[in-house]
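Just below is one structure, and these are the notes that go with it.
Rule-based calculations on the coordinates, nothing more; no lab input. Being a predicted model, the structure only gives us computed values, none of them experimental. As a convention, Cβ positions derive from the backbone with ideal geometry for all residues, glycine included, and neighbour counts pool all protein chains shown.
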Amino acid sequence: MEDKTYYEHRDKAKTFYKNLKEIPCAVLDNEYIEFGNAGFQHLLKKGRYPRTKSDQIRRFLLLKYVPNIIKDPNVSIVCLEDKTACFWRITKRIEKQIIKVIIRQFPGENKHFFSVMNNKK
């Protein structure tokens, strides 16, 4: 029964995600954020290792907030860089939780959705 619920959440999230395509980001000069395979795969895995099913479901349920957070000009944003990419953490408080959307960009490539998380485990 638990697996059935997991697969229902995953399939619903995958359909929602595939329909996003790209969204202009208000706090990044309305640059378009792409929604490709890497972002959805990051909801399923951290690196090469699968996330727990409960963690995946939590992230699937947060996906519904992502478009509005990206479009919202009244969010908090922090830029982080490492040797291979730039990351932007966009944060907004919604329904008594803090939701963080991560945008990633490799040099010479477009910005894309990378992850979503909240303050609850």
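Quick rundown of the values:
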item: Ranked packing of 26-37, 77-88, most packed first, by mean Cβ within 10 Å; result: 26-37, 77-88
item: Taking the convex hull of Cα positions in the chain, its mean projected area over all directions (nm²); result: 7.7 nm²
item: Derived scalar couplings ³J(HN,Hα) [the range 21-31; Karplus, 6.51 cos²θ - 1.76 cosθ + 1.60; whole Hz; x for Gly, Pro]; result: 6, 8, 9, x, 9, 4, 8, 10, 6, 6, 5
item: Positive-pole candidate from ILE94, SER76, PRO50, dipole of the range 43-121, charges at beta carbon; result: PRO50
item: Test item: Cα-centred dipole of the range 21-73, Lys/Arg +1 and Asp/Glu -1 on Cβ, debye; result: 560 debye
item: Beta bridges per DSSP with both ends in the chain, % antiparallel, nearest 5; result: 95 percent
item: Extreme residue, positive dipole direction of the range 2-118, given options VAL116, GLN105, LEU28 (C-beta unit charges); result: VAL116
item: Mean residue ellipticity (222 nm) of the chain, computed from DSSP H runs ≥ 4 via -39,500 (n - 2.57), nearest 500; result: -10000 deg cm²/dmol
item: Per-bin percent of Cα-Cα distances, the range 56-117 [5 Å]; result: 4, 18, 29, 24, 15, 9, 2, 0
item: Segments 5-11, 105-111 sorted - mean Cβ within 10 Å per residue, highest first; result: 5-11, 105-111
item: Model label zone, ASN118; criterion: amide N under 11 Å from point 7 Å along Cα-to-beta-carbon; scope the range 37-68; result: 58-65
item: Distance from the range 56-121 to the range 1-51 (C-alpha centre basis), Å; result: 11 Å
item: Gain in span if fully extended, THR5 to TYR32, counting 0.36 nm per residue against the direct Cα distance; result: 6.4 nm
